[in-house]
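Throughout, read-outs are computed from the coordinates displayed, never taken from laboratory work. Everything quoted here is computed from the prediction, not taken from an experiment. Note: ideal-geometry Cβ built from the backbone for every residue, glycine included; neighbour counts use all protein chains shown.
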Amino acid sequence: MATLIQNRSASSGLVGSRASATKGRGVSVRPVQRTASDRTRGGNVVSPRRKDFPIFQERPELVYLDSAATSLKPKCVIDAVADYYGKYSANVHRGIYRLSEEATAAYEGARKTIQQFIGAKSEKEIIFTRGATEAINLVAQGWGSQYLKSGDEIILTVLEHHSNIVPWQMVAKKKNCVIKYLDVDDRGVLKTDQLSKLLTRRTKIIALTHVSNGIGVINPLKPIIQKAHAIGAKVLVDAAQSTPHSPLDVQYLDCDFLAFSGHKMCGPTGIGVLYAKEKILQEMEPFLGGGDMILEVTKTNSTWNEIPWKFEAGTPPIAEAIGLGAALVYLREIGMSTIRTHEKKLLAHALELLQKIPGVTLYGPCDPEIQAGVLSFGIDGVHPHDIASIFDEDNIAIRAGHHCNMLLMERFGIPATARASFYLYNTETDVEKLAQAVLKVKKIFS
Ligand code: PMP
């Protein structure tokens, strides 16, 4: 299976592209009311899924457009977590009693679900972490400390979340390595033609995001991975923003490492995954010591458990892993291609509406073919924090700030953006409310 996310030659749309005043004249946003079209257009095959999310019963007015930060949780996930605590809560791998065996089976079952979800060869390649950040740190500190030498080079991109920059800076300082950055063009699209110049015999790893959390651009992973492998470098993919939203296959990509978080894909907080090729994990030293990662301890030495447990020190996040397993079963049933198609339509609709509004600046490619359901924007003369506060008056939750993307903000010469991000529970009505709220902000500041 190939990943659906493929970069194509990018089309129009400038970073900082703004609707011209003429284009914007007479702009109108449809009044918000649920119409028959809501049920038949815009990939809204997925929108009835709102009923799966109890928060909408609690807060029917909520327009949640911050799924890039964290997603809402469906009832099946909440139930899976509650069931573990209420019905079979015991530690895993240790007990010689049925309760513990049941907990172990559920925990390891979640690992199997994850393996299948991302197309890994074996469950041994799936390591539970607390999130994408910890997974990347595991590679930087574990693999990096073991294999990086003075003068070696690490390639990152200016699109990276701080979680995929700082761990590399930490290990680079320790090991006296050089970090190089692949730049983007004015639309936020990676300048992959510069990669050949950046790659040298000293390049040991490229760590890059699949989808930018700041502007939603989808990176063309496959050719980058092929180029890195051609010179013997490894590739880590930060898939925190892609695994939740589209099909993904690690064997097709042939990446060496891949990291993501459960809470952005309908799962609980405090759980994430590091995928790594089995051979690499076999040869890697453990990251943290203690608990399940041990085979035997003497006064002077210890030996390690088999993979993946060699990398899971201490009592693991059991309920969280089980909850993530339930989330992936839920997403699999809907279909990741269906989710991608739905979000693509929502983004296209949002672009269509916001591009018409004068004084609105859209950041990113503005092309649903190479952009996930993340839309960063600004309004002339209004700080993004004010935009988010005014939106909140109408129960519209968006994110404002640098999005842990300070390098990208620097590249665009801005301190912050307002960001709306979509998921399976959003509808075209939500997008229309977003556009109406933009008009409201403009009116307040006019
Ligand atoms: N990478 C990307 C692209 C992200 O969007 C995020 C979360 N915003 C992270 C890494 C870090 O994820 P977590 O905080 O769940 O560890």
Cα-based Rg and Dmax for segment 314-446, in Å, come out at 16.9, 57
Counting Lys and Arg as +1 and Asp and Glu as -1 over every other residue whose Cβ sits under 11 Å from the Cβ of ILE126, the net charge comes to -1
Have a look at segment 58-129 and give its Rg and Dmax from the Cα atoms, expressed in angstrom. 16.0, 49
With each pseudo-label sitting 7 Å past Cα toward Cβ, what's the GLU393-ALA82 distance in nm, one decimal? 3.7
Over the Cα atoms, compute the radius of gyration (one decimal) and Dmax (the largest Cα-Cα distance, rounded to a whole number) for segment 77-333, in Å. 18.6, 60
Provide the descending list of Cα extents for the chain along its principal axes, expressed in whole angstroms. 77, 55, 36
Any chance you could check the Cα centroid distance between segment 393-412 and segment 340-370 for me, in angstrom? 16
Angle between the chain longest axis and helix 428-445 axis [Cα atoms, degrees, rounded to 10]: 60
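Near ALA172, within a Cβ-to-Cβ distance under 12 Å, what is the net charge of the other residues, with Lys and Arg +1 and Asp and Glu -1? Each step should come with its number before you reach the end.
Working: positive: LYS149, LYS173, LYS174, LYS175, LYS180, LYS204; negative: ASP152, GLU153.
So the environment of ALA172 carries a net charge of +4.
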Compute the length gained on full extension between ASP254 and THR298: take 0.36 nm times their separation in residues and subtract their Cα-Cα distance, giving the result in nm to one decimal. 12.0 nm
Net charge near ASP79: determine it from the other residues with C-beta under 12 Å of the C-beta of ASP79, scoring Lys and Arg +1 and Asp and Glu -1. +1
Measuring from its Cα centre, the chain shows a charge dipole (+1 at each Lys and Arg Cβ, -1 at each Asp and Glu Cβ) which, in debye to the nearest 20, is 800
With the dipole of the chain defined by +1 on each Lys or Arg Cβ and -1 on each Asp or Glu Cβ, the option from ALA69, ILE387, TRP168 whose Cα lies farthest towards the positive pole is ILE387
Taking every alpha carbon pair in segment 176-251 and sorting the distances into 10 angstrom bins from 0 up to the bin holding the longest one, the percent per bin comes out as 17, 51, 29, 3
Pop a pseudo-label 7 angstrom from the Cα along the beta-carbon direction at both PHE445 and GLN282 and give the gap in nm to one decimal. 5.7
Plugging the Cβ-Cβ distance of GLN57 and ASP386 into 1/(1 + (r/R0)^6) at R0 = 30 Å yields, to the nearest 0.05, a FRET efficiency of 0.45
Globularity ratio of segment 382-438, using Cα Rg and 2.2 N^0.38 Å: 1.21
Identify, among PRO308, GLY95, PRO247, the residue whose Cα sits farthest towards the positive end of the charge dipole of segment 77-333, taking +1 on the Cβ of Lys and Arg and -1 on the Cβ of Asp and Glu, with the dipole about the Cα centre. PRO308
Which order results if ASP152, ASP392 are arranged by neighbouring Cβ count within 10 Å, fewest first? ASP392, ASP152
With a Förster radius of 41 Å, plug the Cβ-Cβ distance of LYS112 and SER145 into 1/(1 + (r/R0)^6) and report the FRET value to the nearest 0.05. 0.85
In nm, spacing of pseudo-spin labels at MET406 and ALA90 (7 Å Cα→C-beta vector): 4.8
